[in-house]
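Asker: My questions all concern the structure below.
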Amino acid sequence: MSVLACQDLAFSYDGKDVLEGVNFTLEHGEYLCIVGENGSGKTTLMKGLLHLNKPTKGKIITGDGLKPSEIGYLPQQTQIQRDFPASVYEVVLSGCLNSMGKRLFYGRKHKQRVISNLEALGILSLKNKCYRELSGGQQQRVLLARALCATKKMLLLDEPTTGLDPVAAEEFYQMIQRLNREQGITVIMVSHDVKGVADHASHVLHLDGRQKFFGTMQEYKEQDWSFMYVKGDKNV
Ligand SMILES: Nc1ncnc2c1ncn2[C@@H]1O[C@H](COP(=O)(O)OP(=O)(O)O)[C@@H](O)[C@H]1O
Ligand SMILES: [Mg+2]
């Protein structure tokens, strides 16, 4: 059974349609890259998958026992979030909120999960540092550790490498690839940088207010209009 199926999805804000005709399925362990110009509906779809936006049409079906609250999410960053005045430990621990159920306080298991995620991403030494004093690359690792507190199954990442230098971006992509290949985590990543993920992602969804393309990365590369994105001459 597919881990995720979108059937004829559409979204609108205040009665104005912004995205329609989204139809695709993902299997466990696949890696989907969502591309499209600014305003094409990428973030709207991500929020829909998390049940933060309600579709005006269509259906989102999750399989493999996946609940929306078990999806790890790394949101598109704003300057306000970059200046967040909390310690790395506190930021990562807040990723456990969804799994607290009726408890009021974080338990030992949550705290252990924070430490093991910081360790796995090579940032345990930053544990007591203030989040806003970190470099962009370190901040994204912290947010990835936070997203991993919510899931062992599926990660949604919204433009996680925007603003990173090419070395930090490549390190980030490598980390995501390891989580995908070694831990079998299904990845859905919005990216402007098709070239950067061309060797990692298994599938591509290209949006322009509707679904322009869905298929494997290989099929995407074979489209006669996609070369400018894949070669990096034109960012989407
Ligand atoms: N909260 C909102 N209220 C009204 N319009 C919105 C809202 N969020 C996004 N939009 C509009 O919906 C369209 C798609 O936005 P978005 O999903 O953020 O695009 P992308 O992430 O691809 O840049 C844009 O035209 C945007 O202006
Ligand atoms: Mg967006």
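Asker: Any residue at all in region 116-129 that's more than 16 Å from ligand 1 (Cβ to nearest atom), within 15 Å of the chain's Cα centre (by Cα) and crowded, with 16+ Cβ neighbours inside 10 Å?
Answerer: Scanning region 116-129 turns up no residue that is more than 16 Å from ligand 1 (Cβ to nearest atom), within 15 Å of the chain's Cα centre (by Cα) and crowded, with 16+ Cβ neighbours inside 10 Å.
Asker: Hey, another quick one. Which of the residues that make up region 1-39 are modelled with pLDDT under 95 and among the hydroxyl-bearing types (S, T, Y)?
Answerer: Of everything in region 1-39, just one residue is modelled with pLDDT under 95 and among the hydroxyl-bearing types (S, T, Y), namely S2.
Asker: Kindly establish whether V22 is more than 13 Å from ligand 1 (Cβ to nearest atom) and either within 30 Å of L126 (Cα to Cα) or surrounded by 20 or more Cβ atoms within 10 Å (Cβ to Cβ) (or both).
Answerer: Against the criterion (more than 13 Å from ligand 1 (Cβ to nearest atom) and either within 30 Å of L126 (Cα to Cα) or surrounded by 20 or more Cβ atoms within 10 Å (Cβ to Cβ) (or both)), V22 does not qualify.
Asker: Right, another one. Mind telling me which of the residues L52, L32, L45 ends up being part of a loop (DSSP other than H, G, I, E, B) and within 16 Å of ligand 2 (Cβ to nearest atom)?
Answerer: After ruling out the rest, the residue left standing is L52.
Asker: Kindly provide the set of residues from region 91-119 that are touching a residue at least 40 places away in the same chain (Cβ under 8 Å) and farther than 10 Å from C149 by Cα, ordered by number.
Answerer: Correct list: V91 only.
Asker: When residues of region 66-102 are filtered for being in a loop (DSSP other than H, G, I, E, B) and within 26 Å of L49 (Cα to Cα), how many remain?
Answerer: Looking only at that region, the number is 10.
Asker: Just checking, how many residues over region 196-205 are more than 18 Å from G58 (Cβ to Cβ) and touching a residue at least 60 places away in the same chain (Cβ under 8 Å)?
Answerer: 6
Asker: Could you run through region 36-56 and say how many residues are within 9 Å of ligand 1 (Cβ to nearest atom), closer than 22 Å to I71 by Cα and among the small types (G, A, S)?
Answerer: Result for region 36-56: 1.
Asker: Can S2 be described as surrounded by fewer than 17 Cβ atoms within 10 Å (Cβ to Cβ), touching a residue at least 60 places away in the same chain (Cβ under 8 Å), farther than 22 Å from S191 by Cα and in contact with a strand residue (DSSP E or B) (Cβ under 7 Å, 6 or more places away or on another chain)?
Answerer: yes
The values are calculated or read from the model by the stated rules, or taken from the named source; none is laboratory data. All figures in this text were calculated on a predicted structure; none of them were measured in a lab. FYI the Cβ positions are ideal-geometry reconstructions off the backbone, even for glycines, and counts take in every protein chain you see.
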